[in-house]
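Quick notes on the structure that follows.
The values are calculated or read from the model by the stated rules, or taken from the named source; none is laboratory data. The model shown is predicted, which means the values in this text are computed figures rather than measured ones. Glycine gets a Cβ as well: all are built from the backbone with ideal geometry, and neighbour counts include every protein chain shown.
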Amino acid sequence: MEYQQNTNQDFQDLIEKYLDGKIKIEEVKKLVNYYESFQESHEWVEELGAEHTIKNKVLINILESIQSEESTQRIPFYKKVVFKYAVAASVLLLVSLGFLFKQNKSTEVPIRVVDTPIIIGSDKATLTLEDGTNVVLDKQGMYQSKKLTSDGKSLIYNKSDKQNIALEYNYLTIPRGGQFFVTLSDGTKVWLNSESKLKYPVNFIAGQPREIELVYGEAYLEVSKSYKHNGDAFILKTNEQNIRVLGTVFNVKAYKDETDILTTLVEGSVSVSNGISKNILKPGQQSKLSQTKNDFKIYNVDVDEHISWRNGEFSFTNKSLEDITKVLSRWYDVDIEIENTEMKKIGFTGVISKRQSIKYILDIIKNTNNMTYKIEGNKIVIE
């Protein structure tokens, strides 16, 4: 029928608009109407391949999202995580869950975002100056001196025209529940993840390697190219490992409570060394240095997964619940205990915005597995 064909096309056009970020709340309501009309049509199943339970969850979550949007206008609807991901069949099927843990088990329980007293992470850090003074950096205000400026979200160092004789070091410490961005005096950009600490000179000395240290934690770096600094190389030190670059983009993960140091190359080239062996990484490769065995392994990896935190997302591919809770603990500044040891190794796959509440994430895990959890102040117990 011509009417049905038009409806199909209208449905696809609306989905394309939401994928382009141009959909309006009134048009989302049209999607619901189209959905209900397709419910009565066998053509829905043939074209989209969606089972009844999945379609119901889509409808329920769209309706809940509309109600939430109309009651609180804090975030444009098309920017919400529930509208971010889609599954392509012959046409695109809305997936309003935003974060899909893929396992053999399925659930018919719709997921609802619920506010929680546990605070979502934000931009904050403590800057330790060369004289030992500590400066708190957060959204409450700015900090400025002759050498640097901070707007509470980032820190920018000024390049000195004077010839430095001795290095003066600053430290930037990111607490659990925090993140921060710093531009070093040579123009190198560094994003620091939760529970991280960086040591670096206020200004570098010309003719010497530009050396900084990731004391612990995780950092994403866009290194200012060496030709801009008369060929001076850039070296990032971590525990048991040195990374030497001429100008590149890479991510380093070296947490105190993890036995492996992961170096992921986004672009350019880096040399990773532990004093025993040296490896040259190519874009898309990751080195894993085992601190217990003191040896390297090189892998080809999905770079986007390992740098997703820098773009405001959690990304997991078959990650164990134990590993996921470490990530969540750092960002939400909570202690998470898994009482059921059998749950620790269960693998999950999914992507979700870091702006979601932790309860939202826990509810998804709960509804895809036979597990319960309880929140006791700043502690979460998974049973």
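So here's what we get for this one:
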| item | result |
| --- | --- |
| Residue ranges of strands (runs of 3 or more DSSP E) in segment 174-241 with at least 1 members of a type outside the set (Lys, Arg) and more than 18 Å from Thr126 (Cα to Cα) | 210-222, 234-238 |
| Test result for Phe250, within 25 Å of Tyr332 (Cβ to Cβ) and not in a helix (DSSP H, G or I) | no |
| Test: residue in segment 259-273 that is out of contact with any strand residue (DSSP E or B) (no Cβ under 7 Å at 6 or more places or on another chain) and in the same structural domain as Leu198 (by TED's automatic domain parsing) | no |
| Long-range neighbours under 6 Å by Cβ, at least six apart or interchain, first residue modelled with pLDDT under 85 within segment 356-367, second surrounded by 20 or more Cβ atoms within 10 Å (Cβ to Cβ) and hydroxyl-bearing (Ser, Thr, Tyr) | none |
| Odd one out for Met371 among (1) surrounded by 14 or more Cβ atoms within 10 Å (Cβ to Cβ); (2) modelled with pLDDT of 85 or more; (3) over 25 Å from Ala219 (Cα atoms); (4) not acidic (Asp, Glu) | (2) |
| Candidates Ser315, Ser287, filtered to the one that is surrounded by fewer than 20 Cβ atoms within 10 Å (Cβ to Cβ) and in contact with a strand residue (DSSP E or B) (Cβ under 7 Å, 6 or more places away or on another chain) | Ser315 |
| Test result for Thr248, under 21 Å from Phe181 (Cβ atoms) and of a type outside the set (Gly, Ala, Ser) | yes |
| So Ile280, is it of a type outside the set (Phe, Trp, Tyr) and outside the structural domain of Asp186 (by TED's automatic domain parsing) | no |
| Out of Ile380, Ile365, sole residue that is within 23 Å of Trp309 (Cα to Cα) and either part of a helix (DSSP H, G or I) or among the charged types (D, E, K, R) (or both) | Ile365 |
| Qualifying positions in segment 205-222 - without any contact (Cβ under 8 Å) to a residue 40 or more places away in the chain and under 14 Å from Leu265 (Cα atoms) | Ala219, Leu221, Glu222 |
